[in-house]
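Chemist: Can you read through this structure? Questions will come right after.
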Amino acid sequence: MTEDLKTRFEQLVADPPPPTAVPSEAVFARVRTVRRRRTAGVITVAAAGAVAITLALGNVTNIGGAPPVTNTPGAPKSAITGPPTAAPKPPPPIKVALKPTIKGRTVTMTVALSGKAFVPTAIPEGTLLPEDSFMNLSGGTDYSFGEGMPGGSDGGAIDCTRKKLTVGSETYVIPETHVYTKPGTYKFTYTIRYCGTKGWFPTTATTQLVVR
């Protein structure tokens, strides 16, 4: 190589001429493809993160503390019920009050009756009994002083036909008095039967007797 050629070569290396053509379009296409792939990857990751957040929020309570609503089949359902209520019992149709009179070992019993009942009919006439005595409208009585033989009364030949309903009251003294053989505490029991909607029904009352 001559000195002249060597000098030109060194000048070209030290100061190369500007390029006369633009870079290849394939290079820019590859750069755009790489950017698209990176952008797509970022969007995919963001979408996956949003789904994960949505699933996570679905398992927590709502704002305000309300539990999440689930539609799990077969899950037990709780029923809210109030306390049980019982129907009030109707008052008894007949009231019996007992008032004993104790003198030493001798006891006399006073009975007070009140209420409503059907008037019985006489057999075989079929006529209604007179209503001048509420006690006489009964089908009979039974009583016991808690010692000795029990007593009572028979209502006679009457029938519970439920033709007429009446309301009445009466106070009477049991004709029989009782003399106890020894001091002690005894229970007096009294039962009377009247005519009701389902036939003859009993009403019973008791009282305690202290004999000294």
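The values are calculated or read from the model by the stated rules, or taken from the named source; none is laboratory data. What you are looking at is a predicted structure, and each value in this text was computed from that prediction instead of being measured. A quick note on method: Cβ atoms are made from the backbone with ideal geometry, for glycine too, and the neighbour counts reach across all protein chains shown. All accessible areas refer to the heavy atoms of the entire protein, side chains included, with ligands and DNA or RNA removed. Shrake-Rupley method; radii C 1.70, N 1.55, O 1.52, S 1.80 Å.
Chemist: Here is a list of conditions, (1) in contact with a Leu (Cβ under 7 Å, 6 or more places away or on another chain); (2) open to solvent by 20 Å² or more (accessible area, probe 1.4 Å); (3) within 25 Å of P92 (Cα to Cα), and Y186 meets all of them except one; can you say which number that is?
Modeler: The one condition Y186 does not meet is (3).
Chemist: Output the qualifying pairs, or none if there are none: Cβ atoms under 6 angstrom, residues six or more apart or on different chains, first residue in segment 142-164 and farther than 24 Å from I123 by Cβ, second residue open to solvent by less than 40 Å² (accessible area, probe 1.4 Å) and assigned to a loop (DSSP other than H, G, I, E, B).
Modeler: What qualifies is E147/Y180.
Chemist: Continuing with the same structure: Between a residue in segment 192-208 that is at pLDDT below 95 and any residue that is among the basic types (K, R), which pairs come within a Cβ distance under 7 Å, given they are 6 or more apart or on different chains?
Modeler: So the pair list comes out as T197/R162.
Chemist: Residues of segment 141-164 being open to solvent by less than 40 Å² (accessible area, probe 1.4 Å) and either touching a Lys or Arg at 6+ places or on another chain (Cβ under 6 Å) or of a type in the set (A, V, I, L, M) (or both), which ones?
Modeler: Hit for segment 141-164 is I158, nothing else.
Chemist: Can you confirm whether V167 is loosely packed, with under 13 Cβ neighbours inside 10 Å, closer than 19 Å to I94 by Cα and free of Cβ contacts under 8 Å to residues at least 60 places away in the same chain?
Modeler: Working: loosely packed, with under 13 Cβ neighbours inside 10 Å: yes; closer than 19 Å to I94 by Cα: yes; free of Cβ contacts under 8 Å to residues at least 60 places away in the same chain: yes.
When the stated conditions are applied, V167 passes them.
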